[in-house]
Structures are given as structure tokens and as C-alpha cells.
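Undergrad: Encoded as C-alpha cells, here's the structure I'll be asking about.
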Amino acid sequence: MKTLLLLAALLQDPSARIKELIGRLSDENIEERDAAADELVRIGRAALAPLKGLAGSPSGEIRGRAADLVRRIERAEKLKSVLGVPKPVELAWDKKPLREALAEFKERTGLDITCGDAFAAEPVTFSCTGAPAWKALADLCRAHGGLYRNGAMILKGKPSAAPDATERGLYVAIEALTFSRTLEFGGAGSTGANLSVFFAWQTAATPTAVRLELDAFADDRGTDLRGKDRGGQVGNYRITDGTRSLTSGWGGYVMPDDEAAKVSLEGRAVFDFVIEYDRVAFENPAKSRGTVQKGAAFTATLNSLSQFASSAGDQGWMCSIMIESANPNDARVLPEFVVRSGGKVHNVQNWGTSRSGRGGPITHNLRIDAPADAVFTEVVVRMPKDTHREALPFEFKDVPIK
């Protein structure tokens, strides 16, 4: 019955359906109102104009619901532009040389995977239908005993399949699980389990940070490998460039029981995205020292801009910018800095920060890679204004201990 109702809704004129749903926003039944609101959000952009037309409604309650739905839809549309819609991959190779196969893979996915000359002519037989790009790459590596490392596929025999999960253009895999025993002088020592985790994404925007959160990590003898002090969160890795993947390692877990043969992991890979930035700009920065620029949620002061030269012959420019924000959480967020001279954008490195008292403004000391005769035209400071956290859940059972 529900399927028939859904089919009828899909076949209905969209404008008539939107009008009907808007009428249900004033229904006495709260479940009816909520269901209508959720469907309007799913319809998205087409529902914006009719909802904005309710701004003149005599009912304050209707005006409020419509304004809330407009905000939800506009945010959902922005989120689509950040996450994008990953295109499924379809491949059919029969003894195709690896280099040619990877060239086709790049053409279909945009992922530039290279291979060494020693393996360029290696014949590849592989097929997949409707797989996300990173999943297709992982399956290709498994099929031909390959490893993906830093933009290259290397053939090395037949590795065991790494536990992995993928959804909405995101990908996570437990690449390696190792155990170590370290003996020190006097008989003391340490033991521990170590995780190597591969994160990847096929999204329109690069995430600003990724991390692993573990709800369970145990062996088949009941030993909790997280230990007493580890908790559920495993580090936080900031992404400061346009990379599409990274491998991170975390250690210090408890060793499994000597009789254990398998381990299981459950949790999620968490990807942080910025939907919208707040920005300020200093034009002609050489003459803007001491200038204050106010954004919607923060204030930036250009303290200094000067050349430097070290005794080792290193030279460049240093810039000091103080940022004051009304949001205390901004202290944990790294701003983005863009420095231009004419049409050129210069590389900027953050050489350290200092804070004036608890909750006070933060000063960022930047190194700018630019020649001595550079004439800077603009310094831009961007701070996240609206962020989104996308979680990719996983459950890996009975992973063999090697």
C-alpha cells in the first residue's frame, strides 16, 4: 500500500503536490505536519518559491514553519554542492595492460592512479558495475594482489582483503593490524596493538578533518583492545591540502589474548566539511598594518607584514594576523589564509599561534613564499561559518590475527 501511495505521489504534478504538502503544514496532527515538512525538504529547490510566498501569511505559526523549511532546504542544497553525487564506475577489462587500465580509470573517475614502469604492461582482468570509485580501486587491488600507496598502484602478490566500508562517496579501510612487544633494559617493556587506517573521499569539496571513532575493538576471547584510557575516539587528522586520500596510524592499544585468533571492530569514520565560510580581506596589505576588518562572526587585525632572511640563506615574508571570535569553538578551527600578488596566489605556512589569555584573541604567524620584490594586492582570511559532519559507519567482524 505504501508503495502505491509513493508511486501516486511521484506521478502527481510536482506543483500540485507541493501545494498539497504546504496545505498539510497547518494540519492538527503533528505527525502529518512533520511528514509534509520532511517531504518538502526532499523535494528541495522546487519548493523554495512557494514556501517563501508564505512570508505574507496571516498565521505567525505558518510563517515560522515556512521560514524554517526554507532554511533547511537552502542548507541541504549547499550541502549537495559540498558532498556532490559520486558517479558509479563501470569497468570491463580483459587482459588490459595496467597502465592503459589506470588511464581509463582516471578518465571515468577523475582519480589519477599511477603505476611503476615494472608493472605497466601487467595484464589486468577486472570488471565492476555501479561501484564507487574507491571501492572499485580496492577491489581491483584485491583481484590482482596490488597495494595503493600515495597515488600509485603497486603489484605485490596476493594480500588478504582489507575490511572496508563505503557510502555517499566516502571510504574507509583497516589496512593493517599489527602487534608489537618491546623489551627494554632491565626486563621492562611495552606491548600494544596498532591500527593503520585508510580514508578516502570522492566528494565535491575536500574535508577539513577526518577521524576514527571506535565503539568496540575486541578479540574473540573477550579482551577489549581499547584499554581503559583510550575511550572511543581515535585521534583527529587535519587536512590542509587538496588530497583525496590519506593513511593514518594509531597505536598503544592492548594486546589480544594469546589464544585469540580474530578481532572485531565497530565504529565510524567521521569526515568534517565546511558548507560556508565567513571571510574578510585586506587590500593593499603593505599599507594596511594595524587595520581591523570585521566579518559576520570574527574580527581580524593585520599586525605586521615584513621580509625576513636567515643566516642559512632562507628568505621570504612573514605576516602576523590576530583573530578574535565570539565563538569559543573557533579556537579549535584553523583559519584559511590566501595571499595574492596580482593574479598569483602564494603558498602560506602557519608557523605557530599564540593566545592572549584564556578565551582571548589568537595571533597567527604566517610565512609567505614570495620573492623579495613581491607587491601583495590582497590577504584574505576565511573562517568556517557553517560546518557539516558526515559519519561513515562500519562493522568488521572476525578479522584474522596474522
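Undergrad: Being within 23 Å of ILE239 (Cα to Cα) and modelled with pLDDT under 90: is that true of PRO361 here?
TA: Details: within 23 Å of ILE239 (Cα to Cα): no; modelled with pLDDT under 90: yes.
So PRO361 fails the test.
Undergrad: When the residues of the stretch 91-112 are filtered to those that are within 25 Å of the chain's Cα centre (by Cα) and surrounded by fewer than 18 Cβ atoms within 10 Å (Cβ to Cβ), which remaining residue is nearest to MET153 (Cα to Cα)?
TA: This residue is ASP112.
Undergrad: I would also like to ask the following. Report yes if ALA36 is assigned to a helix (DSSP H, G or I), touching a Gly at 6+ places or on another chain (Cβ under 9 Å) and surrounded by 17 or more Cβ atoms within 10 Å (Cβ to Cβ), otherwise no.
TA: The answer is yes for ALA36.
Undergrad: Ok, one more. Going by what's in this entry, would ALA49 be described as aliphatic (A, V, I, L, M), loosely packed, with under 14 Cβ neighbours inside 10 Å and at pLDDT 90 or above?
TA: yes
Undergrad: Ok, one more. Would you mind stating whether LYS106 is within 18 Å of TRP201 (Cα to Cα), out of contact with any strand residue (DSSP E or B) (no Cβ under 6 Å at 6 or more places or on another chain) and not aromatic (Phe, Trp, Tyr)?
TA: Yes.
Undergrad: Only residues that are more than 23 Å from VAL274 (Cβ to Cβ), open to solvent by less than 50 Å² (accessible area, probe 1.4 Å) and not in a strand (DSSP E or B): list them for the stretch 358-384, please.
TA: GLY360, ALA370, ALA374, PHE376
Undergrad: Step by step: first the residues of the stretch 76-90, then only those that are under 17 Å from THR166 (Cα atoms) and aliphatic (A, V, I, L, M), then the one that is least open to solvent (accessible area, probe 1.4 Å). Which residue is that?
TA: Taking the candidates together, the pick is VAL89.
Undergrad: Another question, if that's okay. Tell me whether the stretch 315-325 contains one or more residues that are hydrophobic (A, V, I, L, M, F, W, C) and open to solvent by 70 Å² or more (accessible area, probe 1.4 Å). Walk me through how you get there before you give the answer.
TA: Applying the first criterion (hydrophobic (A, V, I, L, M, F, W, C)) to the stretch 315-325 yields 317-319, 321-323.
Retained after the next criterion (residues that are open to solvent by 70 Å² or more (accessible area, probe 1.4 Å)): none.
No, the conditions are met nowhere in the stretch 315-325.
Undergrad: Another question about this same structure. If you take the residues in the stretch 331-350 that are modelled with pLDDT under 90 and under 18 Å from ASP278 (Cα atoms), which one is farthest from the chain's Cα centre (by Cα)?
TA: ALA331
Undergrad: Here are some conditions: (1) touching a residue at least 12 places away in the same chain (Cβ under 8 Å); (2) farther than 30 Å from ASP164 by Cα; (3) not basic (Lys, Arg). VAL345 meets all but one. Which one does it not meet?
TA: Answer for VAL345: the failing condition is (1).
Undergrad: For the stretch 281-302, how many residues meet the condition of being within 22 Å of GLY343 (Cα to Cα), open to solvent by less than 50 Å² (accessible area, probe 1.4 Å) and either without any contact (Cβ under 8 Å) to a residue 60 or more places away in the chain or outside any strand (DSSP E or B) (or both)?
TA: Looking only at that region, the number is 2.
Undergrad: Pull out all pairs, ordered by first then second residue, where Cβ-Cβ is under 7 Å, the residues are six or more apart or on different chains, the first lies in the stretch 60-72 and is under 15 Å from ALA36 (Cα atoms), and the second is among the β-branched types (Val, Ile, Thr).
TA: If the second residue must be among the β-branched types (Val, Ile, Thr), the pairs left are LEU69/VAL41; ARG72/VAL41.
Undergrad: Now for a different question. Residues that are touching a residue at least 60 places away in the same chain (Cβ under 8 Å) and either under 15 Å from TYR148 (Cβ atoms) or in contact with an Asp or Glu (Cβ under 6 Å, 6 or more places away or on another chain) (or both): does the stretch 84-107 have at least one?
TA: No, the stretch 84-107 has no match at all.
Undergrad: What number of residues within the stretch 245-254 are surrounded by fewer than 17 Cβ atoms within 10 Å (Cβ to Cβ) and assigned to a loop (DSSP other than H, G, I, E, B)?
TA: Selection size over the stretch 245-254: 0.
Undergrad: Sort through ILE18, ILE73 and tell me the only one that's at pLDDT 90 or above, of a type in the set (Val, Ile, Thr) and either surrounded by 12 or more Cβ atoms within 10 Å (Cβ to Cβ) or in a helix (DSSP H, G or I) (or both).
TA: Testing whether each residue is at pLDDT 90 or above, of a type in the set (Val, Ile, Thr) and either surrounded by 12 or more Cβ atoms within 10 Å (Cβ to Cβ) or in a helix (DSSP H, G or I) (or both) leaves just ILE73.
Undergrad: How many residues does the stretch 221-244 contain that are part of a loop (DSSP other than H, G, I, E, B), of a type in the set (Gly, Ala, Ser) and modelled with pLDDT under 80?
TA: Qualifying residue count for the region: 4.
Undergrad: Right, another one. Can you tell which of LEU305, LEU265 is surrounded by 15 or more Cβ atoms within 10 Å (Cβ to Cβ), more than 26 Å from ARG244 (Cβ to Cβ), touching a residue at least 12 places away in the same chain (Cβ under 8 Å) and not β-branched (Val, Ile, Thr)?
TA: LEU305
Undergrad: Something else: Name the residue, out of THR387, THR353, that is under 22 Å from the mean Cα position of the chain (by Cα), more than 19 Å from LYS287 (Cβ to Cβ) and open to solvent by 70 Å² or more (accessible area, probe 1.4 Å).
TA: Answer to the check: THR387.
The values are calculated or read from the model by the stated rules, or taken from the named source; none is laboratory data. All of these numbers come straight from a predicted model, not from anything done at the bench. Neighbour counts run over all protein chains shown; Cβ positions are idealised from the backbone, glycine included. Heavy atoms of the whole protein, side chains included, go into the accessibility calculation; ligands, DNA and RNA do not. Shrake-Rupley method; radii C 1.70, N 1.55, O 1.52, S 1.80 Å.
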